[in-house]
1. List, in order, the whole-Hz ³J(HN,Hα) value for each residue of the stretch 263-270 obtained from phi through the Karplus relation with A = 6.51, B = -1.76, C = 1.60 and θ = phi - 60°; use x for Gly and Pro.
2. Using a Gaussian network model of the chain with C-alpha springs under 10 Å, which one of SER27, SER97, SER204 is most mobile by mean-square fluctuation?
3. Below 8 Å, C-alpha to C-alpha, sequence gap of six or more: please give me the relative contact order for the stretch 11-305 in percent.
4. Could you pull out every residue, at least 5 positions away or on a different chain, whose amide H is within less than 5 Å of the one on PHE66? Hs are placed 1.01 Å off N in the peptide plane, and Pro or chain starts have none.
5. Could you work out how far helix 188-199 tilts from the main Cα principal axis of the chain, as a 0 to 90 degree angle to the nearest 10?
6. Where in the stretch 139-165 does the amide nitrogen come within less than 20 Å of the point 7 Å from the Cα of THR225, taken along Cα to Cβ?
7. For the chain, which cysteines have no second Cys with its Cβ under 4.7 Å from theirs?
8. Is the stretch 140-236 rounded, prolate or oblate when judged by the Cα gyration tensor, a ≥ b ≥ c being the square roots of its eigenvalues, rounded requiring a/c under 1.5 and prolate requiring a/b larger than b/c?
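Read the figures in this text as sums done on the coordinates, not as results from a lab. What you see is a predicted model; the values in this text were computed from it and never measured. Backbone-built Cβ (ideal geometry, glycine too); neighbour counts: all protein chains shown.
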Amino acid sequence: MASMSTWTTFQPILERIAEEIERTPGSGRPADYIPALAACDPRRFGMAVAEPDGTVYGVGDWREPFSVQSITKVFTLALDLSREGGALWEHVGREPSGNPFNSLVQLEYENGIPRNPFINAGALVVTDRLHTRTGDAAGELLAFLRAESGNPDLTYDEEVAASEAAHGDRNAALGHFMASYGNIDNPVPVLLEQYFRQCSVAASCADLALATGFLARHGVRADGTRLLSRSQAKQVNAVMLTCGTYDAAGEFAYRVGLPGKSGVGGGIIAVVPGHCTLCVWSPGLDERGNSVAGVAALDRFATLTGLSVF
């Protein structure tokens, strides 16, 4: 991995990337199946980089809160893994799915065990298990994000949560299907409410770059306490690399070469273990649900800095 000793700050790199993105013809469109997201301007762009000591750099709309959506799945995974350890992996796999993130087909073949924690079925299992252990999975997630980002004002977007609940039939089907195999502990309506609240968190690039820092610090939280063992932090990063961008994870690893997790709100987080964490936001999505400008920006970051896990 390249040394960053030649860079005194990430700021010039971010500004160069933002200029390049600005000159690129816009492509992609916001998620239209969640009405509260459909109105986003696809040309918005923000990017932040946080160093392990909490120093953060940003450009564009890097302090603008947006709908975090599936990015939260990384944090609920870490929070549950810290509590139950390897037993979690008996209930959810670690392999790329190769199918859309809300597919029912694979679940039937695999007896109600989701392929990985980042497709919707897998995230429902993780949220269910975290809820069993804490009594409030969404609240546990929010408290963690507030603490790690240093932003006590982070909260849910109630409009987005209501919008997801009103259009959540597929997630309900996934939950009931897994419950029929005994892979869900809580009543499905309770689980769905927790899951939709979790996905409706609104946060900025700065918030998320800082909140992801524990994965660059090999499992250590912002206050110096340990959330995950080094091995567990490696596991989360590995699953992000192989499964974090829906069924485009191979392309993302090829272009960016970093563990990453996207959300249909247009955000992507990425981790350079030992060096920094990033978050980029631009609501225009490709057909697989990943931010077009976001992937391009992370591609340029890896190229300009020489930082990747390869």
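1. x, 6, x, x, x, 9, 9, 8
2. Looking only at SER27, SER97, SER204, the largest GNM fluctuation is found for SER27.
3. 29 percent
4. ALA203, SER204
5. 10 degrees
6. Within reach of a label on THR225: 139-154.
7. So, CYS40, CYS199, CYS243, CYS276.
8. It is oblate, given that a/c is not under 1.5 and a/b is not larger than b/c.
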